[in-house]
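The values are calculated or read from the model by the stated rules, or taken from the named source; none is laboratory data. As the structure is a prediction and not an experimental result, all values here were calculated from the model. Quick reminder, even Gly has a Cβ in these numbers, built from the backbone with ideal geometry, and neighbours come from all protein chains shown.
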Amino acid sequence: MVKRRRLNREKVVERAAALANAAGAADEVTLTALAAALDIRVPSLYNHIDGLEDLQHALAVYGAQQLGGRLRAAASGKVGRAALLAIAAAYRRFAHEQPGVYPLTIRAPALDDEALTAPAQELLQMLLLVLASFGLQGAAALHAVRGLRSLLHGFVALEAAEGFKMPLDRDESFGRVVNTYLDGLASYEQ
């Protein structure tokens with residue numbers, strides 16, 4: 001009797017994410033490698049994805065959803081400074097734990113890409129709510145979101161590129177730079 005596999009698009013994307021993270025880059029995932037990891041033939045992948053471009057897009061959606069979920073969970077029950085400190089720490093952990101998927105979360109989605117726009121909007125709304133507890137709204141809050149993203153991505157990108165070789169505690173550096181940013185939020189003009 002032939003063993004039936006319980007394979008679906010979600011499992012294919014999750015396995016591709018695991019391969020991307022193991023390789024350190026999503027573009028290292030080939031359909032041949034993914035099929036082998038799933039113990040199927042390449043043509044069988046087309047029952048779940050429409051090719052490599054579709055897989056890359058699905059990985060970007062997966063990454064955005066995973067990042068958003070992690071940041072929401074970190075901020076849950078917190079407000080203000082405590083929420084943003086938790087968000088910053090969760091962002092950094094995500095980048096470390098998902099080195100192949102994380103880079104796919106950086107690019108702003110095209111406006112007509114509903115699959116990517118939805119998780120990006122959810123994340124933005126969560127950040128705007130947290131920033132409202134600092135008295136920031138409108139353009140000032142959006143500038144603060146850009147600043148936070150820039151700070152967090154810059155730090156984790158330097159870590160990933162082994163840009164911090166000095167024998168100095170990176171966790172302390174990260175905490176200091178995030179706290180300095182948070183101290184500066186008080187000076188944002190509306």
Open item on the list: Just checking, does the range 83-98 include any residue being among the polar types (S, T, N, Q) and part of a helix (DSSP H, G or I)?
Closed with: no
Open item on the list: Filter the range 51-73 down to the residues that are of a type in the set (Gly, Ala, Ser) and either over 19 Å from Ser150 (Cβ atoms) or at pLDDT below 95 (or both) and list them by number.
Closed with: Gly51, Ala58, Ala60, Gly69, Ala73
TODO: Could you tell me whether Ala16 is buried (at least 18 other Cβ atoms within 10 Å of the Cβ) and at pLDDT 95 or above?
DONE: yes
Task: Counted residues, the range 14-43 - those being in contact (Cβ under 8 Å) with a residue 24 or more places away in the chain and assigned to a helix (DSSP H, G or I) - done: 13
Task: Failed condition for Phe174, given (1) over 30 Å from Leu34 (Cβ atoms); (2) not basic (Lys, Arg); (3) not in a helix (DSSP H, G or I) - done: (3)
Open item on the list: Checking the structure you have, find out if any residue of the range 59-67 is of a type in the set (S, T, N, Q), outside any loop (DSSP other than H, G, I, E, B) and buried (at least 17 other Cβ atoms within 10 Å of the Cβ).
Closed with: yes
Open item on the list: On the basis of being among the basic types (Lys, Arg), out of contact with any strand residue (DSSP E or B) (no Cβ under 7 Å at 6 or more places or on another chain) and exposed (fewer than 14 other Cβ atoms within 10 Å of the Cβ), does Arg72 make the cut?
Closed with: no
TODO: Within the range 39-58, track down each residue that is of a type in the set (A, V, I, L, M), over 14 Å from the mean Cα position of the chain (by Cα) and surrounded by 18 or more Cβ atoms within 10 Å (Cβ to Cβ).
DONE: Leu45, Ile49, Leu55
- [ ] Please work out which residue is surrounded by the fewest Cβ atoms within 10 Å (Cβ to Cβ), limiting yourself to the range 144-190 and to residues that are acidic (Asp, Glu) and farther than 17 Å from Arg93 by Cα.
- [x] Glu189
- [ ] Sort through Val130, Val145, Val156 and tell me the only one that's in a helix (DSSP H, G or I), at negative phi, in contact (Cβ under 8 Å) with a residue 60 or more places away in the chain and not charged (D, E, K, R).
- [x] Val156
